[in-house]
Amino acid sequence: MIVSADHGFSTISKDSQTSAASKINYKDVPPGQLPPGFVAIDIAKALDMRLFDPDAKSAPVEFTAGQHSSKANGLIGTDPISPDVVVTANGGADLVYLPKANAKELVVKIVDMLLGQDYVSGLFVDDALGSIAGTLPLSAINFKGSAVTPLPAIVINFRSFAAGCGEPLMCGVTVADHTLQQGQGMHGSFSRADTSNFMAAIGPSFRSDSSIRPRRATPISA
């Protein structure tokens with residue numbers, strides 16, 4: 001019998017002292033905490049562009065009035081049909097797409113804003129957009145391949161930390177861009193708590209001590 005997990009686990013944090021989104025009051029978010037779609041809100045505010053909700057028939061999101069997107073995703077620009085920026089929320093990491101020709105100009109502005117956020121742990125930028133201080137290329141994490149699906153311009157890895165128990169991997173905490181609340185569970189970041197997988201096996205073909213090396217087969221003499 002084999003028991004295996006496909007990923008680890010972290011507790012969600014929605015705390016930020018730097019995010020513009022955390023300083024807005026929402027009817028369904030505790031005061032001072034990050035709302036679902038905080039990355040899209042912060043980018044829209046930094047670029048002085050409108051935000052639309054792709055999961056609500058592209059309805060405008062009036063974040064200055066306390067609104068946020070329904071599922072944390074966002075379309076940013078003047079027209080949701082042809083957005084300048086697309087933010088795809090992915091729990092412990094967010095993907096940012098820049099579909100227009102002004103991608104190089106926008107990526108510098110977005111990265112500059114993100115580098116000032118306490119919820120960011122690592123930024124990875126599409127190699128085609130050049131080297132940007134404070135970031136690593138997507139190829140550094142094997143994110144750039146031959147897939148025909150659109151490639152994100154930026155991958156945002158959110159901050160993670162241990163809550164203080166004796167086993168840090170068992171009390172990992174990560175900021176998450178999701179509809180789930182602070183204190184619930186999430187994965188998807190580069191945190192060791194998320195990437196450390198569990199597996200246990202028992203049966204007649206499994207040794208009880210992993211330090212025991214299998215014996216070499218005895219060669220058959222001629």
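The values are calculated or read from the model by the stated rules, or taken from the named source; none is laboratory data. Quick caveat, the model's predicted, so the values are computed rather than measured. Note that each Cβ is placed from the backbone with ideal geometry, even for glycine, and that neighbours are counted across all protein chains shown.
The selection criterion, being part of a strand (DSSP E or B) and under 16 Å from the mean Cα position of the chain (by Cα), does not hold for residue 189. Residues being closer than 25 Å to residue 75 by Cβ and of a type in the set (Lys, Arg): count how many of those fall in segment 125-160. Summing the residues that are closer than 25 Å to residue 75 by Cβ and of a type in the set (Lys, Arg) in segment 125-160 gives 1. Looking across segment 129-150, the residues that are without any contact (Cβ under 8 Å) to a residue 12 or more places away in the chain and on the phi < 0 side of the Ramachandran plot come down to 131, 133, 145, 146, 147, 148, 149.
Taking segment 86-109, which residues are β-branched (Val, Ile, Thr) and in contact with a helix residue (DSSP H, G or I) (Cβ under 6 Å, 6 or more places away or on another chain)?
The answer is 87, 107.
Of everything in segment 114-124 that is within 23 Å of residue 183 (Cβ to Cβ) and not acidic (Asp, Glu), the residue that is surrounded by the fewest Cβ atoms within 10 Å (Cβ to Cβ) is 121. Residue count for segment 45-98 satisfying the condition of being among the small types (Gly, Ala, Ser), in contact (Cβ under 8 Å) with a residue 40 or more places away in the chain and closer than 23 Å to residue 124 by Cα: 6. On the stretch given as segment 152-197, residues that are out of contact with any Ser or Thr (no Cβ under 9 Å at 6 or more places or on another chain), of a type in the set (A, V, I, L, M, F, W, C) and either surrounded by fewer than 16 Cβ atoms within 10 Å (Cβ to Cβ) or over 21 Å from residue 113 (Cβ atoms) (or both) total 4. Taken over segment 95-104, residues that are within 14 Å of residue 77 (Cα to Cα) and of a type in the set (D, E, K, R) amount to 1. Scanning segment 131-151 for residues that are part of a loop (DSSP other than H, G, I, E, B) and either loosely packed, with under 12 Cβ neighbours inside 10 Å or under 19 Å from the mean Cα position of the chain (by Cα) (or both) yields a count of 14.
Close Cβ contacts (under 6 Å, 6 or more residues apart or on different chains) running from residues in segment 195-216 that are modelled with pLDDT of 75 or more to residues that are surrounded by 10 or more Cβ atoms within 10 Å (Cβ to Cβ) and not in a loop (DSSP other than H, G, I, E, B) comprise 196/169.
Yes or no, residue by residue, for (1) out of contact with any Gly (no Cβ under 9 Å at 6 or more places or on another chain); (2) more than 17 Å from residue 178 (Cα to Cα):
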| position | (1), (2) |
| --- | --- |
| 47 | no, yes |
| 56 | yes, no |
| 81 | yes, yes |
| 96 | yes, no |
